[in-house]
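**Q** Before I ask anything, here is the structure I am working with.
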Amino acid sequence: MQYRCFKCGFTDDIKRPLARCPICGGNMRILYDADEVGFKPDDKLPGIWKYTCMIKLPLTEAYSLGEGRTPLIRSFRLSRKFRVEKLYIKDETRNPTGSFIDRGSTVLVSMLKHFGYKRVFCEAKGNLAASLSAYSSLSGIKCYVKIRGHIDRGKLYQILLYGGEILSDERKIAPYYSVYPADPFLIEGYKTLSFEIYEDLEFKVPDSIVVPVGNGCLIYSIWKGFYELRELNVIDDFPRLYGVQEDVCAPLAYRFQNIDRRECRKGIAVEINERRPYMGDEAIKVSRDTGGRIVSVGSMDIIEALRDLARYEGILVEPAGAAAFSAFKKLLEEGEIDSKDTVVVLATGAGLKNPRSLVKALSSLEKSVMIGGTKKLILEILSRKPQHVYSLWKSLRERGLNISKTAVYLHVRELERLGYVVSEYVGRRKILKVSGKITCMKETED
Ligand SMILES: [Zn+2]
């Protein structure tokens, strides 16, 4: 096994950790070396080390918290709701610190121990820092964290309780190993997701996998896992890889369409809001090469997906984790994903890490619950026949509801604001009718 630089092709033996190319600063990857051992998972080994046959690194000891081996859940209720046949949720919230990153941390920390490091430093968002803190404690390495931008409260508590130390100036702690989110050892761990998906689908490759994309490391890692299976002649085909970003910060979704737009505001899915993705080129390449795409979804769509996963499947994810399900709905609507496809949606991180987003999900739920009584009756009347406010008022009176025309007008205005009623002008008359959104609301209330 060797390192190779993505950019200039520099190669080196694995005799030290090498996050970036010493020649050009490009991303490094570990070249897979197909040999006679082949794909032989060993269930007796802990966590993702089950796939030691595919992570052939020089290693003294593996530090595992039992990461990976997360369930691939066949989603029956959501499949019915969206009329698809084979929808699966890969529930990565079950990892020891609540995110897929634990798969990478076990490899990185075990390798740092092997190379004799005593301190590790990372400047990162919440999940990576929380996961590294836990695995550092397990291995006896001291973990220092510099918080970049906003951090969810749950993740901050995790870092502190796992023994991570928050600091503002890393120069005080040298010598240390500085973690880079696209570290090749992290990728060696993330790629095990592909092996698990393949095994759990009874040794079949799904048609599509939908993946949240921030830095692009995860989607690349999934591609690498399937690539290595193909190198071993275990599989013939690749799944289509679809990446998803939040529309307020979607540089890769724009680049995929050849649009140069880099502005990035903080959205709700902070884990994937990355202005300058470290593996952007690779993410675009693997989604394009496999016939997939990188798309963006809105913040409210993400909240709705979060609620769907919790309410229909009992899986509580954080917004970045819900983004993939939201993209699945969009790709299905656009006909990009077929209702007969086998689709795997990655739920990447646990919901309790980010209580603020749960509050947002609850308040939007309350809004739909608040639509009771009069508004329900209005929607029922309009769903039978589009009409103007005056005849709506008369219909309400015929049904025994004596309210003023002003009150009807106010109810209608509120329903328009919530997006359940739309209007169009026929001549001078404003005709009201129910919108497409009403079908979702009816199902939510059932
Ligand atoms: Zn290079």
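Every number in this text was worked out from the coordinates using simple rules, so none of it is lab data. Bear in mind the structure is a predicted one, so any value in this text is a computation, not a measurement. Cβ atoms come from the backbone with ideal geometry, glycine included; neighbour counts cover every protein chain shown.
**Q** Under 19 Å Cα to Cα from Lys376, which aspartates and glutamates show up? Leave out anything in the same chain fewer than 8 places away.
**A** Within the straight-line cut-off, Lys376 pairs with Glu366, Glu398, Glu414, Glu416, Glu443, Glu445, Asp446.
**Q** Another one. At q = 0.18, 0.22 Å⁻¹, what is the log10 ratio I(q)/I(0) for segment 250-360, with the Debye formula run over Cα points and no solvent?
**A** -0.98, -1.33
**Q** Here's another thing I want to ask about it. For a quick check: with amide H placed at 1.01 Å from N, whose amide H comes under 5 Å from Gly292's, ignoring anything fewer than 5 positions away on the same chain?
**A** Under 5 Å from the amide H of Gly292: Leu241.
**Q** Between Lys81 and Lys44, what is the label-point separation in nm under the 7 Å Cα-to-beta-carbon projection?
**A** Once both label points are built, they end up 4.4 nm from each other.
**Q** Let me ask something else. Can you tell me the mean projection area, over all orientations, of the convex hull of segment 218-261's alpha carbons? Units nm², please.
**A** Quarter of the Cα hull surface area: 3.7 nm².
**Q** Rounded, prolate or oblate: which one fits segment 196-279, using the alpha carbon gyration tensor with axes a ≥ b ≥ c (rounded when a/c is under 1.5, else prolate when a/b beats b/c, else oblate)?
**A** Here segment 196-279 falls in the prolate category.
**Q** Counting only residues 5 or more places away or on other chains, whose amide H sits under 5 Å from the amide H of Ser75 once H atoms are built in the peptide plane?
**A** Leu87, Tyr88, Ile89
**Q** Testing the spin-label approximation: label points 7 Å from Cα along Cα→Cβ at Arg399 and Thr11. State their distance in nm.
**A** Between Arg399 and Thr11, the simple spin-label model gives 7.3 nm.
**Q** How many percent of all Cα-Cα pairs in segment 1-147 sit more than 18 Å apart? Before the final figure, lay out the partial values.
**A** Details: 7122 of 10731 pairs.
For segment 1-147, the share of Cα pairs beyond 18 Å comes to 66 percent.
**Q** Right, something else. Could you give the alpha-carbon Rg of the chain over 2.2 N^0.38 Å, rounded to two decimals?
**A** 1.11
**Q** I've got another one for you. Determine the percent antiparallel among the DSSP beta bridges restricted to the chain, to the nearest 5.
**A** 40 percent
**Q** By how many nm would the segment from Asn233 to Arg265 grow when fully extended, if each residue of separation counts as 0.36 nm and the alpha-carbon distance is taken off?
**A** That works out to 7.2 nm of additional length.
**Q** Starting from the Cα of Arg428, step 7 Å along the direction of its Cβ; do the same at Ser383; then give the gap between the two resulting points in nm.
**A** Placing both labels 7 Å along Cα→Cβ, they lie 3.4 nm apart.
**Q** Within segment 95-178, list the trypsin sites (Lys or Arg not before Pro) lying in a DSSP loop whose Cβ has at most 16 other Cβ atoms in a 10 Å radius.
**A** Lys118, Arg148
**Q** Considering only DSSP states other than H, G, I, E and B, which GluC sites (Glu not before Pro) in segment 193-264 qualify as loop sites with at most 15 other Cβ atoms within 10 Å?
**A** Answer by residue number: Glu202, Glu263.
**Q** Through the Karplus equation 6.51 cos²θ - 1.76 cosθ + 1.60, θ set to phi - 60°, convert the phi angles of segment 61-67 into ³J(HN,Hα) values in whole Hz; use x for Gly and Pro.
**A** Working through the residues one at a time gives 8, 9, 9, 10, 10, x, 5 Hz.
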